[in-house]
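Here is the structure we will look at, set down as structure tokens.
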Ligand SMILES: C[S@@+](CC[C@H](N)C(=O)[O-])C[C@H]1O[C@@H](n2cnc3c(N)ncnc32)[C@H](O)[C@@H]1O
């Protein structure tokens with residue numbers, strides 16, 4: 001019998017401590033040396049700083065992509081990526097976790113709608129909002145629905161950026177599987193989505209028309225500037241401490257005076273004052289004006 005799946009035990013000596021790809025008692029996929037060599041070869045090809053992510057996170061992703069690639073060794077995998085730009089682009093897209101949801105942490109969206117947004121809208125005639133690491137757009141479109149309910153949709157520019165091209169294509173289309181909208185109430189589903197066949201739901205054109213998406217690497221490219229609200233949720237959890245700080249400094253620079261950064265439901269900015277933020281409420285940080 002022949003098997004076509006990936007080879008699970010490379011020929012090199014196993015390390016004492018398991019690394020990426022270990023599932024239960026299964027032997028580890030790669031030695032640390034193989035991983036280092038792979039990262040060194042691939043990093044310049046992809047232009048993404050893999051060292052900025054938590055090592056376990058990035059190594060798990062490499063392991064998953066390796067398993068899908070149908071190659072035998074990491075060195076073969078690097079050869080494939082070097083030779084085939086399409087496979088390389090797919091690899092970059094697959095490097096990060098893209099899980100997203102509408103109305104993730106509903107109580108925080110409630111707080112945004114009842115306290116943070118009214119204050120911002122009172123101070124500014126027009127709001128610029130940036131969803132940094134927007135994935136398939138659920139976060140930005142959640143905000144679109146909230147703003148529509150506040151009668152303020154025509155007073156905002158909504159911008160979503162992400163590293164992952166495939167997610168951005170989905171965000172632009174605004175078309176979701178029925179299983180992807182569990183956080184949306186039946187009332188909102190009826191108001192903002194049109195069924196496309198049995199399984200698909202298309203977001204309202206007035207919200208899509210307000211939204212612009214583009215590819216951007218948060219770690220190496222210039223941020224959006226003069227933002228009144230930045231949503232960066234469930235992105236920094238994958239980064240190492242140094243990159244996390246770099247990003248927070250970047251967001252401070254990207255915010256207009258009085259602007260607010262909305263972070264994920266498990267995130268806290270330690271040392272927020274030194275980074276130039278006041279804590280407005282848990283998960284909401286306002287650009288402080290004291291320097
Ligand atoms: C877990 S998703 C979170 C999506 C959304 N913010 C939410 O909370 O539902 C993380 C997103 O961050 C993106 N991401 C990771 N590293 C990035 C980087 N360096 N630049 C831009 N986007 C990045 C991933 O592609 C992914 O879509």
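The figures follow:
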{"read-out": "Candidate set: region 214-233, residues that are in contact (Cβ under 8 Å) with a residue 24 or more places away in the chain and over 23 Å from residue 116 (Cβ atoms); chosen: the one surrounded by the most Cβ atoms within 10 Å (Cβ to Cβ)", "value": "216"}
{"read-out": "Count of residues meeting criterion [touching a strand residue (DSSP E or B) at 6+ places or on another chain (Cβ under 9 Å) and over 19 Å from residue 235 (Cα atoms)] in region 73-111", "value": "1"}
{"read-out": "Selected residue (only one of 202, 261, 247, 280 is within 16 Å of the chain's Cα centre (by Cα), surrounded by 12 or more Cβ atoms within 10 Å (Cβ to Cβ), at pLDDT 95 or above and in a strand (DSSP E or B))", "value": "261"}
{"read-out": "Pairs, first free of Cβ contacts under 8 Å to residues at least 24 places away in the same chain in region 273-287, second buried (at least 19 other Cβ atoms within 10 Å of the Cβ) and not in a loop (DSSP other than H, G, I, E, B), C-beta under 9 Å, six or more apart", "value": "278/285; 278/286; 278/287; 279/285; 279/286; 282/108"}
{"read-out": "Odd one out for residue 146 among (1) assigned to a helix (DSSP H, G or I); (2) more than 16 Å from the ligand (Cβ to nearest atom); (3) without any contact (Cβ under 8 Å) to a residue 60 or more places away in the chain", "value": "(2)"}
{"read-out": "Any hit, region 213-225, residues being outside the structural domain of residue 49 (by TED's automatic domain parsing), assigned to a helix (DSSP H, G or I) and within 30 Å of residue 51 (Cβ to Cβ)", "value": "no"}
{"read-out": "Matching option when the condition is in the same structural domain as residue 253 (by TED's automatic domain parsing), touching a helix residue (DSSP H, G or I) at 6+ places or on another chain (Cβ under 8 Å), in a strand (DSSP E or B) and within 10 Å of the ligand (Cβ to nearest atom), among 131, 135", "value": "131"}
{"read-out": "Exclusive hit being at pLDDT below 95 and within 18 Å of the chain's Cα centre (by Cα), set 222, 172, 139", "value": "222"}
{"read-out": "Filter result for residue 106 (at pLDDT 95 or above and over 22 Å from the mean Cα position of the chain (by Cα))", "value": "no"}
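The values are calculated or read from the model by the stated rules, or taken from the named source; none is laboratory data. Given the structure is predicted, the values throughout are model-derived calculations rather than measurements. FYI the Cβ positions are ideal-geometry reconstructions off the backbone, even for glycines, and counts take in every protein chain you see.
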